[in-house]
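Below: one structure, written as structure tokens.
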Amino acid sequence: MEDKKTFIEPLFERVEEYGKTSFELFKLKAVDKGSDIASTVVSRGVMVPVFLMVTVLVNIGAALWLGDLLGELYYGFFCVAGFYTIVGIVLYFLRKRIKKHVSNVIILQMLN
């Protein structure tokens, strides 16, 4: 009977140690993924305003240039607005594909 106790005790100690190690590994993986996601959000959060400002300025410049070519400045703004309307319509019809692709990228990022 004493033999069985001495045999089972080390087994329980190993199971307990394995559980603690597995939990610690899970915590470290969660911290790694969290820091990866946070750094991505922060870095893109810095780049988005810069990109938006450049886009606005390029659009204004293109609208003024087109308006100058067409004879009236507001014609250029109508052309640029029409271009973005067409882009918006195309993106509207592709929204399901885009959503699926973004979901797959997020899932792959979280699983790696």
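A short reminder: the numbers here are calculations on the coordinates, not readings from a lab. Nothing here was measured: the structure is a model prediction, and the numbers come from that model. Positions of Cβ are backbone-derived with ideal geometry, glycine not excepted, and every protein chain shown enters the neighbour counts.
Comparing mean-square fluctuations of VAL15, VAL80, VAL50 from a GNM of the chain with C-alpha springs under 10 Å, the top value falls on VAL15.
The convex hull defined by the C-alpha atoms of the chain has an orientation-averaged projected area of 10.8 nm². Net length available on complete extension from VAL42 to ILE86 is 12.7 nm, with 0.36 nm assigned per residue and the Cα-Cα distance removed. Remark: TYR84, TYR92, TYR75 ranked as TYR92, TYR84, TYR75, counting other beta-carbon atoms within 10 Å and listing the fewest first. Pairs spanning more than 29 Å between alpha-carbon atoms, out of LYS27/LYS96; LYS33/LYS99; LYS29/LYS99; LYS33/LYS100: LYS27/LYS96. Per-residue ellipticity at 222 nm from helix content only, as computed over the chain with -39500 (n - 2.57) for each DSSP H run of at least four residues, stands at -35000 deg cm²/dmol.
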